[in-house]
Ligand code: DGJ
């Protein structure tokens, strides 16, 4: 494992636990080519795979047709404008108006550990856990240095990549495209799997064949958005959940992105990922640097499930930093769907009292506690407690909640400003807008220009003084509209193209400050549900609100898509009231509990108003959460049945790392008459271990449970679910 340079062959070999990644340097012009990424191999002398001897593509011997070489060579970091007509990773605008970049290898270094990426979220690991390669390339004409940074982890089949770009010359130049990742390879009859959606319908799985041309997913919303997610996978046509090759690509970034795949005339595949070049133009002065965000590349030869488990392990171990990362999260009661804006201290305390009795551990006060905020058309930016509603003040409320034995949490939307707010009346220039044009509102609000330091400082002071004023142990950081009308009064004309990225950097700086100053905080990110559910935000908050749609059945699809890449421990999921506020559906209370159990678990309903029968079920649900959540948070995730594919039945399983314990959750969505029981085959167990099921007196070998399977009786009715707990039997 690790990274080795083979001097004579000019090959760099990066090895993970069961995958290899090979880079070759060729020709006297030192082109950097991608040789191989896939199942672990023992040889390194594989330059032949670069096909540089295949006429007419020999670069140095064929000056008459160099373009044939450029346009077919598998590049590690392709550049724009020299004759590779596929999607490039880098382009510029020089003082003479040119856009081309041509890179050649200069040197490299290999070292233990991993560098931090300045101002950006990124995976991390100790010197024992990972090895890094820095490959320095140069464009002599442009006088640009580009360092390609690769890190491999000892225990996970992931390669993470980014590029550090430096203007080493005297002339000012603009970076117009700076992607983070390219993977060139021959087509293996790939399908592209991606996650798409809408508000309330985030991260639905889509699988489609890769054909000639480009398939691109992207965002220009200033955040990843509900619509596209900065992830895709390339899966062999016959790859399933459990078998076949799958390559997963994920972007550790919370802003505009572009990612996708292209199949060319030679049946070569190019996968790319990075900051969306549209509306991106970064000024590079002499000696200035631009660091691209990190992209994660995962390889699995154990199907989609294998890829999923690599991502889960990588993020749990090498991305999330919170003190809560390895801890069971408090079962919380959030008042949003219980009260919306209509609450006061008495109402919150009445909810808290019942929540405490039922065994909950935290009360979260959502939107509506500040300024004049009684609806969504005012007061964002006025972060002072509304004492008409919060009678007695925030400290009193938090203390009373604490006296009931609950922790106290609070909601903010720090990046926003309402036109009807004291802040806007004082500082209209702090709202993002183009001079001379009225910016568009969304949810009645503008976006604060957090690219400006004074704005960040102001917002931060507001939040931090609230947090210091009472015993607040949780923050929900919300963000409820996309960015547009990009214009900053604080940036010169030739830096306006930096605004989207500067906004994201500003956001990261704010959250970094917050978690450094309040390290005990449980931070939950949120964006109108799950519009900013991305690995970048996970670096700051160990959980993210998955979706505003809390309907148990809709959530099956949302959570299946989310869990394809993210560990269950990060998915905000609550039991809510019925008829569900988004879908109008009525589902059994038990089922709502089983579904929320696949996430961080909590409640979002008026516990003072639900039926006595439902209230009685809460302590039992909470007991299940306490019993199983260590396993759910730390175990290996397997998908058994997909409701989004079969439209009838959902089932997932979690297996402890030592394979001694497992939990299965299922939901039968629609029942049918005259149906026989359902057979499911379990996964991930040890074939030789004996296991006892919570639903049977008998003991079975893991092989039996996995290959012959078990039967689940059709529950009577729709939307019915259940849990099966499996423990190793020593007898
Ligand atoms: C959107 C969030 O997703 C909801 O949970 C809630 O916090 C509202 N915003 C409040 O405005």
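The values are calculated or read from the model by the stated rules, or taken from the named source; none is laboratory data. What you see is a predicted model; the values in this text were computed from it and never measured. Here the Cβ positions follow ideal geometry from the backbone for every residue, glycine too, while neighbour counts run over all protein chains shown.
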* Do we have any residue at all in the range 293-310 that's over 28 Å from the mean Cα position of the chain (by Cα), in the same structural domain as residue 232 (by TED's automatic domain parsing) and buried (at least 20 other Cβ atoms within 10 Å of the Cβ)? -> no
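Does the range 212-232 contain at least one residue that is part of a loop (DSSP other than H, G, I, E, B) and farther than 30 Å from residue 507 by Cβ?
Taking the range 212-232 as the starting set, the residues that turn out to be part of a loop (DSSP other than H, G, I, E, B) are 212, 220-227.
Still in the list and also farther than 30 Å from residue 507 by Cβ: 212.
Yes - at least one qualifying residue is present in the range 212-232.
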* Asked: In this structure, does residue 162 turn out to be surrounded by fewer than 18 Cβ atoms within 10 Å (Cβ to Cβ) and under 30 Å from residue 226 (Cβ atoms)?
  -> no
* To do: Inspect all residues belonging to the range 381-401 and state whether any of them is within 14 Å of the ligand (Cβ to nearest atom), at negative phi and crowded, with 22+ Cβ neighbours inside 10 Å.
  => no
* Asked: Among the residues of the range 20-49, which ones are within 25 Å of residue 138 (Cβ to Cβ) and out of contact with any strand residue (DSSP E or B) (no Cβ under 8 Å at 6 or more places or on another chain)?
  -> 27, 28
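Here's the yes/no breakdown for (1) touching a residue at least 40 places away in the same chain (Cβ under 8 Å); (2) touching a strand residue (DSSP E or B) at 6+ places or on another chain (Cβ under 8 Å); (3) under 24 Å from residue 34 (Cα atoms); (4) in a strand (DSSP E or B):
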residue: 258; (1), (2), (3), (4): yes, yes, yes, yes
residue: 261; (1), (2), (3), (4): yes, yes, yes, yes
residue: 270; (1), (2), (3), (4): yes, yes, yes, yes
residue: 287; (1), (2), (3), (4): yes, yes, no, no
residue: 298; (1), (2), (3), (4): yes, yes, yes, yes
residue: 306; (1), (2), (3), (4): yes, yes, yes, no
residue: 311; (1), (2), (3), (4): yes, yes, yes, no
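Among the residues of the range 345-374, which ones are within 13 Å of the ligand (Cβ to nearest atom) and within 27 Å of residue 613 (Cα to Cα)?
Here is the first cut: in the range 345-374, the residues within 13 Å of the ligand (Cβ to nearest atom) are 364-370, 373-374.
The answer is 364, 365, 366.
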* Asked: Filtering the range 531-543 down to residues that are away from the ligand (no atom under 14 Å from the Cβ) and under 10 Å from the mean Cα position of the chain (by Cα), which residue is nearest to residue 229 (Cα to Cα)?
  -> 534
* To do: Determine, yes or no, whether residue 377 is away from the ligand (no atom under 16 Å from the Cβ) and in the same structural domain as residue 621 (by TED's automatic domain parsing).
  => no
* To do: Would you check which residues across the range 569-622 are part of a loop (DSSP other than H, G, I, E, B), buried (at least 18 other Cβ atoms within 10 Å of the Cβ) and away from the ligand (no atom under 16 Å from the Cβ) and list them?
  => 578, 587, 588, 597, 598, 607, 610
* To do: Tell me which of these residue 208 doesn't satisfy, since it passes every other one: (1) in a strand (DSSP E or B); (2) within 23 Å of residue 125 (Cα to Cα).
  => (2)
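Within the range 407-422, take every residue that is free of Cβ contacts under 8 Å to residues at least 60 places away in the same chain and touching a helix residue (DSSP H, G or I) at 6+ places or on another chain (Cβ under 7 Å) and give me the one that is farthest from the ligand (Cβ to nearest atom). Don't jump to the end; show me each part of the working.
The first filter runs over the range 407-422 and keeps only residues free of Cβ contacts under 8 Å to residues at least 60 places away in the same chain, leaving 417-422.
If we keep only those that are touching a helix residue (DSSP H, G or I) at 6+ places or on another chain (Cβ under 7 Å) as well, we get 417-418.
Details: 417: 15, 418: 12 Å.
Filtering first and then ranking leaves 417.
Can you report the number of residues in the range 473-490 which are within 16 Å of the ligand (Cβ to nearest atom) and closer than 30 Å to residue 397 by Cβ? Break it down stepwise before answering.
Taking the range 473-490 and keeping what is within 16 Å of the ligand (Cβ to nearest atom), we get 474-482.
Those left that are additionally closer than 30 Å to residue 397 by Cβ: 474-481.
Residues flagged as within 16 Å of the ligand (Cβ to nearest atom) and closer than 30 Å to residue 397 by Cβ within the range 473-490 amount to 8.
Matching residues to (1) surrounded by fewer than 22 Cβ atoms within 10 Å (Cβ to Cβ); (2) touching a helix residue (DSSP H, G or I) at 6+ places or on another chain (Cβ under 9 Å):
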residue	(1), (2)
10	yes, yes
21	no, no
34	no, yes
41	yes, no
48	yes, no
51	yes, no
* Asked: When you look at residue 92, is it in contact (Cβ under 8 Å) with a residue 60 or more places away in the chain, buried (at least 20 other Cβ atoms within 10 Å of the Cβ) and within 23 Å of residue 147 (Cβ to Cβ), yes or no?
  -> yes
* To do: Report yes if residue 443 is under 18 Å from residue 370 (Cα atoms) and touching a residue at least 40 places away in the same chain (Cβ under 8 Å), otherwise no.
  => yes
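Quick grid of which residues meet (1) in contact (Cβ under 8 Å) with a residue 60 or more places away in the chain; (2) under 27 Å from residue 648 (Cβ atoms); (3) more than 11 Å from the ligand (Cβ to nearest atom):
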{"site": "515", "(1), (2), (3)": "yes, no, yes"}
{"site": "529", "(1), (2), (3)": "yes, yes, no"}
{"site": "545", "(1), (2), (3)": "yes, no, no"}
{"site": "552", "(1), (2), (3)": "yes, yes, yes"}
{"site": "556", "(1), (2), (3)": "yes, yes, yes"}
{"site": "564", "(1), (2), (3)": "yes, yes, yes"}
{"site": "567", "(1), (2), (3)": "yes, yes, yes"}
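This table checks each residue for (1) touching a helix residue (DSSP H, G or I) at 6+ places or on another chain (Cβ under 9 Å); (2) more than 23 Å from residue 548 (Cα to Cα).
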site: 433; (1), (2): no, yes
site: 445; (1), (2): no, no
site: 449; (1), (2): yes, yes
site: 452; (1), (2): yes, yes
site: 457; (1), (2): no, yes
site: 467; (1), (2): yes, yes
site: 470; (1), (2): yes, yes
site: 474; (1), (2): no, no
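For the range 517-527, how many residues meet the condition of being within 16 Å of the ligand (Cβ to nearest atom) and out of contact with any helix residue (DSSP H, G or I) (no Cβ under 8 Å at 6 or more places or on another chain)?
Taking the range 517-527 and keeping what is within 16 Å of the ligand (Cβ to nearest atom), we get 522-527.
Still in the running and out of contact with any helix residue (DSSP H, G or I) (no Cβ under 8 Å at 6 or more places or on another chain): 522, 524, 526-527.
Residues meeting the conditions: 4.
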* Would you tally the residues in the range 442-482 being surrounded by 15 or more Cβ atoms within 10 Å (Cβ to Cβ) and more than 28 Å from residue 401 (Cβ to Cβ)? => 15
* Condition met for residue 663 (in contact with a helix residue (DSSP H, G or I) (Cβ under 8 Å, 6 or more places away or on another chain), within 29 Å of residue 525 (Cβ to Cβ) and more than 16 Å from the ligand (Cβ to nearest atom)) -> yes
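Give 337, 342 a once-over and let me know the one that is within 16 Å of the ligand (Cβ to nearest atom), surrounded by fewer than 23 Cβ atoms within 10 Å (Cβ to Cβ) and either part of a loop (DSSP other than H, G, I, E, B) or in the same structural domain as residue 192 (by TED's automatic domain parsing) (or both). Write out each step before concluding.
On the way: 337 fails: either part of a loop (DSSP other than H, G, I, E, B) or in the same structural domain as residue 192 (by TED's automatic domain parsing) (or both).
Just one listed residue meets the conditions, 342.
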* To do: Could you look through the range 317-334, keep only residues that are under 20 Å from residue 548 (Cβ atoms) and out of contact with any helix residue (DSSP H, G or I) (no Cβ under 6 Å at 6 or more places or on another chain), and pick out the one that is farthest from the ligand (Cβ to nearest atom)?
  => 329
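Where residues in the range 697-710 are within 35 Å of the chain's Cα centre (by Cα) and closer than 13 Å to residue 678 by Cα, which of them is surrounded by the most Cβ atoms within 10 Å (Cβ to Cβ)?
Initial filter on the range 697-710 (within 35 Å of the chain's Cα centre (by Cα)): 702-703, 705-707, 709-710.
Among the residues that remain, those that are also closer than 13 Å to residue 678 by Cα are: 709-710.
On the way: 709: 14, 710: 20.
By that ranking, first place goes to 710.
On the basis of being closer than 25 Å to residue 319 by Cα and more than 20 Å from the chain's Cα centre (by Cα), does residue 155 make the cut?
Numbers: closer than 25 Å to residue 319 by Cα: yes; more than 20 Å from the chain's Cα centre (by Cα): yes.
Answer is yes for this residue.
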* Taking the condition surrounded by fewer than 22 Cβ atoms within 10 Å (Cβ to Cβ) and farther than 18 Å from residue 162 by Cα, does residue 223 pass? -> no
